[in-house]
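What follows is calculated from the coordinates using simple rules that are stated; it is not laboratory data. Note that the structure is a prediction, hence the values are computed from the model and not measured. In this analysis, Cβ positions are derived from the backbone assuming ideal geometry, glycine residues included, and neighbour counts consider all displayed protein chains.
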Amino acid sequence: MTDKTSNQMWGGRFAAGPDAIMEAINASIGFDQRMAAQDIAGSRAHAAMLAAAGVITDNDAEAIREGLLTVLSEIESGQFQFSTALEDIHMNVESRLKEIIGEPAGRLHTGRSRNDQVATDFKLWVRDQLDAAAKGLEALIAALVDQAEAGADWVMPGFTHLQVAQPVTWGHHMMAYVEMFGRDLSRVRDARARMNESPLGSAALAGTSFPIDRDMTANALGFDRPTANSLDAVSDRDFALEFLSVASICAMHLSRFAEELVIWSSAQFRFVTLSDRFSTGSSIMPQKKNPDAAELIRAKVGRIFGANTALMMVMKGLPLAYSKDMQEDKEQVFDAADNWMLALAAMQGMVKDMSANRDSLAAAAGSGFSTATDLADWMVRVLKVPFRDAHHVTGALVAMAESRGVDLPDLSLEDMKSVHDGITEDIFTVLGVENSVNSRTSYGGTAPIEVRAQVARWKEILG
């Protein structure tokens, strides 16, 4: 077979044949260059430790430190030339370091492997993303708390099955999402605490015979402690999986809220008005104002869920310790992180800018027989009627009102007494939506006094 035939067989992209294909599939520099700062931080800590342990000289350590700072400067300024032939960020940095400082660069890799190096770099990168997510969640929660405080006593319909159920307050609805995103924030913090152990010094899989100080490098990099098992340390990607799991749950919450914003901002609901900053127009229909930011947040879930599933599939069949399959861990996490951070920022912006339409909320709150449960509760509380009987009477009154095209408060006392003779004029004190929400004073309930108590609690939590 001629070279030309061989090249055609491999495809026009790979003119050099099998070697080019192997280089393309083996190289990760196209994406792992995002970990350059973390890689250099890890190398600086490792070099300082090697000098302190007497493994390399102080002069070599100083040359390495200065050289790495130069490499970092080149990368940050866009002057660095990445090479796929050098496979990954670690070899690209080390190769350039050798060009800058010469022989001392060859001593940097003493007592470590690319296996513990990449695990350390990746952990540092994921940790930075968890810190960013925590800040994004805190900002979103603060925006929701502000909305809740402003509308603590604004009535609106509460829904089950997207059908009007009982009146609630705008503040109560906003605080429901505060609780959701508060759990996300808790998961972010838990994940960060759990993953904050340093793999550096685990070497390829068995540790090293050099007298290294793993506590020193762990402290220098902000880890709580070194990992306790070198074999586990280089093969573990639980921290990345947990990051994607936390991101997936949070993205699901963002999507649920985004769906409500899409519905609420429609002409049929008019519950909220989204700012122009987070809406777009139509190319053909001039009246349209589309909630595109909310829709895109809703769609981001697919990418984040997909990343979670993809990394699970990569890891599920791997024996200990390191396998090249694990090179496929980063692109999924990078993409999920980018989209999660973007979705958090967009949602925080929408919540901060949106306006709730109080009149529309109030008008909808009284529709759909939303105070029927209040009527039944009143019969139980005042008339001592068993709840099931009260439920039956209320159902009959709802049917009567529905047949007349009116709501429950529009029925006369005589109408109500025709169904149950014990009903008195006092019933009208509970049928109004304002009375309904004010009565729900159980802890965590929708009453404005309870909403304001939860607002105060979250303000204290946020500091």
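Look at the alpha carbon pairs under 8 Å that are at least 6 residues apart: their mean separation over the length of region 367-462 gives a relative contact order of 24 percent. Each residue of region 367-462 gets 101 Å³ once the volume of the Cα convex hull is shared out per residue. A simple spin-label model places the labels of Leu86 and His109 1.2 nm from each other, with each point 7 Å out along Cα-to-Cβ. The slack between Met252 and Met22, meaning 0.36 nm per residue of separation minus the straight C-alpha distance, is 79.0 nm.
Tell me what the chain gives for mean residue ellipticity at 222 nm when only DSSP H runs of n ≥ 4 count, each as -39,500 (n - 2.57), the sum divided by the residue total, rounded to 500 deg cm²/dmol. Don't skip to the answer; put the middle values down first.
Values: 20 runs with 290 residues, N = 463.
So the helix-based figure for the chain works out to -20500 deg cm²/dmol.
Scanning residues 5 or more positions from Ala165 or on other chains, those with amide H under 5 Å from its amide H are Gly158, Phe159, Thr160, with H placed 1.01 Å from N in the peptide plane. Derived scalar couplings between HN and Hα for region 386-393 equal x, 4, 5, 5, 4, 4, 5, 4 Hz in order, rounded to whole Hz, by the Karplus curve 6.51 cos²θ - 1.76 cosθ + 1.60 (θ = phi - 60°), x for Gly and Pro. The ellipsoid equivalent to the alpha-carbon distribution of region 20-107 has semi-axes of 25, 13, 11 angstrom, derived from the gyration tensor eigenvalues as √(5λ) and listed largest first. Our estimate of slack between Leu231 and Asp213, defined as 0.36 nm per intervening residue step minus the Cα-Cα distance, is 4.7 nm. Here the calculated FRET efficiency for Val380 and Ile461, from their Cβ-Cβ distance with R0 = 45 Å, stands at 0.80, rounded to the nearest 0.05. Taking θ as phi - 60° and the Karplus parameters 6.51, -1.76 and 1.60, the scalar couplings of region 441-454 work out to 9, 4, 4, x, x, 8, 4, x, 5, 6, 4, 5, 5, 6 Hz in sequence order, x denoting glycine and proline. Approximating the spin labels as points 7 Å out from Cα along Cα→Cβ, the Thr441-to-Val406 distance works out to 3.1 nm. In this calculation the C-beta distance from Ala345 to Ile100 is compared with R0 = 22 Å, giving a FRET efficiency of 0.05. Note on region 188-325: Cα-only Rg and Dmax are 22.8, 73 Å. Amide H contacts of Asn290 (H built 1.01 Å from N, in plane; Pro and chain starts excluded): Thr280, Gly281 sit under 5 Å, all sequence-distant by 5 or more or on other chains.
Between Asp58 and Thr429, the modelled labels are 8.5 nm apart [label points 7 Å from Cα along Cα→Cβ]. Taking 22 Å as R0, compute the FRET efficiency from the Cβ-Cβ separation of Leu413 and Arg388 and round it to 0.05. FRET efficiency, Leu413 to Arg388: 0.40.
Once the chain from Asp276 to Gln33 is taken as fully extended at 0.36 nm per residue, the excess over their C-alpha distance is 83.8 nm.
3J(HN,Hα) couplings calculated from phi for region 208-213 with the Karplus curve 6.51 cos²θ - 1.76 cosθ + 1.60 (θ = phi - 60°) are, in sequence order, 9, 8, 6, x, 7, 10 Hz; Gly and Pro show x.
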